[in-house]
1. Please go through the range 334-365 and give me each residue that is among the acidic types (Asp, Glu) and within 16 Å of the ligand (Cβ to nearest atom), ordered by number.
2. Does the range 124-137 hold any residues that are surrounded by fewer than 23 Cβ atoms within 10 Å (Cβ to Cβ) and more than 11 Å from residue 157 (Cβ to Cβ), and which are they?
3. Contact list please: Cβ distance under 6 Å, first residue in the range 348-375 and at pLDDT below 90 and surrounded by fewer than 18 Cβ atoms within 10 Å (Cβ to Cβ), second residue hydrophobic (A, V, I, L, M, F, W, C) and in a loop (DSSP other than H, G, I, E, B), pairs at least six apart or on different chains.
4. Regarding residue 219, is this residue buried (at least 16 other Cβ atoms within 10 Å of the Cβ), modelled with pLDDT of 80 or more, of a type in the set (Val, Ile, Thr) and farther than 17 Å from residue 361 by Cα?
5. Just to be sure I understand, how many residues within the range 265-284 are closer than 17 Å to residue 364 by Cβ and at pLDDT below 75?
6. Residue check, residue 238 against (1) modelled with pLDDT of 85 or more; (2) in contact with a strand residue (DSSP E or B) (Cβ under 7 Å, 6 or more places away or on another chain), all met but one. Which one?
7. If I filter the range 388-404 for residues that are in contact with a Leu (Cβ under 8 Å, 6 or more places away or on another chain), more than 16 Å from the ligand (Cβ to nearest atom) and of a type in the set (Lys, Arg), do I get at least one hit?
8. Checking the conditions here, which among 25, 80 is under 24 Å from residue 96 (Cβ atoms) and buried (at least 18 other Cβ atoms within 10 Å of the Cβ)?
Amino acid sequence: MFQDDTISAVATAIGEGGIGIIRMSGPDSISIADQLFIGTSGLTAAKAASHHVYYGSIADPESGQKIDEVLLIVMKGPRSYTRENVVEIHCHGGPVPLRRILELTLRFGARLAEPGEFTKRAFLNGRLDLAQAEAVIDIIRSKTDASLKLAVNHLSGHLSEVVRNIRDKALEMIAHLEAAIDFPEDDIEEVTSQQVDEQLVPLMAQLDHLLATAQTGRILREGLQTVIIGKPNVGKSSLLNALLREKRAIVTDIPGTTRDIIEEYVNIRGIPLKIVDTAGIRETEDVVEQLGVQRAREFVDKADLILLLLDSSLPLAEEDKQVLELLAGRQALVLINKTDLPQKLDMPEIMQYSKGYQVLRISVENGTGIDALEEAIVERVYSGQVTQSEGAFVTNVRHITVLRQAYQHLAEARNTIAVNMPPDCIVVDLRAAWERLGEITGDTAGEDLLDQIFSRFCIGK
Ligand code: GDP
């Protein structure tokens with residue numbers, strides 16, 4: 001299984017920093033480092049002890065030119081991230097020394113690593129399963145402490161353990177059924193089928209439990225898509241700015257988009273709120289007015305949560321009613337803003353129009369009601385579910401899809417039993433569930449799926 005080429009990449013972020021790291025993995029990594037590294041008192045990479053730090057310099061062997069002073073760490077397989085021989089060269093964190101040292105490793109026999117290739121090798125060499133490898137990227141991209149906690153939980157293999165357990169049970173049932181097929185007497189087949197049916201119930205409950213965590217998990221991982229709507233001057237920008245001023249989590253640039261879209265994440269007690277089209281709200285006076293009700297509907301359709309602002313110092317306008325109508329059947333909170341001003345809004349009328357939505361009275365101006373708003377958001381995300389510290393939490397859309405399909409196959413197996421089909425038909429359903437679940441751990445993942453997953457990583461990871 002081990003790869004016969006050696007890969008190399010800059011492992012640290014691009015730009016200036018205190019240190020930068022070039023990482024190599026593969027059979028030649030130590031011999032390549034050996035040609036470039038000159039240790040103090042003549043130590044070479046080939047003689048370096050595993051997992052020790054050595055001080056020295058990197059020089060171009062052809063010109064003799066010294067490139068930078070470095071620290072060298074050799075990690076001999078299998079005690080390394082990839083289980084292969086890994087060498088890290090820690091140099092000064094500037095783009096030029098990093099590029100020069102990377103070029104030297106390439107000139108002396110390494111190949112530039114593809115995105116995620118170190119982690120892919122860790123997976124291929126059995127160091128991590130697929131769900132754990134995906135957790136690595138989730139840790140890097142986590143947006144709040146709560147999302148980090150979930151990702152670390154996945155890295156420790158919790159989800160894989162639950163999934164493996166379900167797979168093992170399915171396999172036992174298959175074996176049981178196949179043994180029964182070899183007995184010609186009908187009643188043995190029937191008894192076995194009934195036993196399998198009983199065992200399927202708790203197994204499906206387990207999958208169901210995992211799926212119940214999925215919505216919350218996805219939100220913690222990817223952020224709650226939130227849109228703030230309301231008529232002009234109601235206080236949308238003020239609310240957004242107030243949240244950003246106090247709660248800004250992280251700002252991510254999305255490369256490759258024509259406009260420089262900046263996604264803003266606001267951290268509401270561990271829940272990353274992803275405010276949709278922030279720039280749009282801030283630059284234009286009003287989303288509804290500028291884009292029309294049609295576009296407002298598109299925003300609303302994509303959102304996990306809609307914050308509708310109404311102005312308590314004005315009577316309910318026709319526009320407000322239109323927007324309230326847009327919300328039918330959506331996750332929305334109605335926020336009555338400007339409660340610090342004399343009240344003109346007719347509350348009974350509001351309650352009639354905001355059928356069943358939670359209505360909160362706030363004043364962005366003096367900060368009242370913002371705590372209650374946060375509480376309402378948290379409650380919505382965790383509504384009636386286990387808290388994130390308990391057990392495995394499904395966060396990944398890919399995993400959710402696989403779990404749903406596996407559940408479906410098990411339901412079909414029960415169906416097959418109910419209509420008295422022969423055991424080999426039940427086996428077909430069980431095997432399908434077993435196969436699908438293997439895509440989470442990577443036991444049954446094809447090359448396409450692996451490429452798709454690892455290409456989302458950055459180079460050097
Ligand atoms: P937008 O057009 O919906 O984005 O509204 P803005 O956020 O630009 O706010 C319009 C005006 O209302 C600004 O002058 C704000 O200072 C003011 N405003 C916003 N929230 C409040 C509030 O809670 N109370 C009062 N009195 N004024 C507010």
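The values are calculated or read from the model by the stated rules, or taken from the named source; none is laboratory data. Just so we're clear, the structure is a prediction, and the values are computed from it rather than from any experiment. Reconstructed Cβ throughout: ideal geometry from the backbone, glycine too, with neighbour counts over all protein chains shown.
1. Within the range 334-365, 340, 365 meet the criteria.
2. If the condition is that a residue be surrounded by fewer than 23 Cβ atoms within 10 Å (Cβ to Cβ) and more than 11 Å from residue 157 (Cβ to Cβ), then 124, 125, 126, 127, 136, 137 are the ones that fit.
3. Taking only residues 6 or more apart or on different chains, the pairs are 349/316.
4. On the way: buried (at least 16 other Cβ atoms within 10 Å of the Cβ): yes; modelled with pLDDT of 80 or more: yes; of a type in the set (Val, Ile, Thr): yes; farther than 17 Å from residue 361 by Cα: yes.
For residue 219, the condition - buried (at least 16 other Cβ atoms within 10 Å of the Cβ), modelled with pLDDT of 80 or more, of a type in the set (Val, Ile, Thr) and farther than 17 Å from residue 361 by Cα - is met.
5. Kept after step one, since they are closer than 17 Å to residue 364 by Cβ, are these residues of the range 265-284: 266, 268, 273, 275, 278, 281-282.
Remaining after also requiring at pLDDT below 75: 278, 281-282.
Number of matching residues: 3.
6. Condition not satisfied by residue 238: (2).
7. Quick first cut of the range 388-404, residues in contact with a Leu (Cβ under 8 Å, 6 or more places away or on another chain) only: 388, 392-395, 399-400, 402-404.
Checking the rest, the ones that are also more than 16 Å from the ligand (Cβ to nearest atom) come to 388, 392-395, 399-400, 402-404.
From the residues that got through so far, the ones that are of a type in the set (Lys, Arg) too are 404.
The answer is yes; a qualifying residue exists.
8. Working: 80 fails: under 24 Å from residue 96 (Cβ atoms).
Result of the check over 25, 80: 25.
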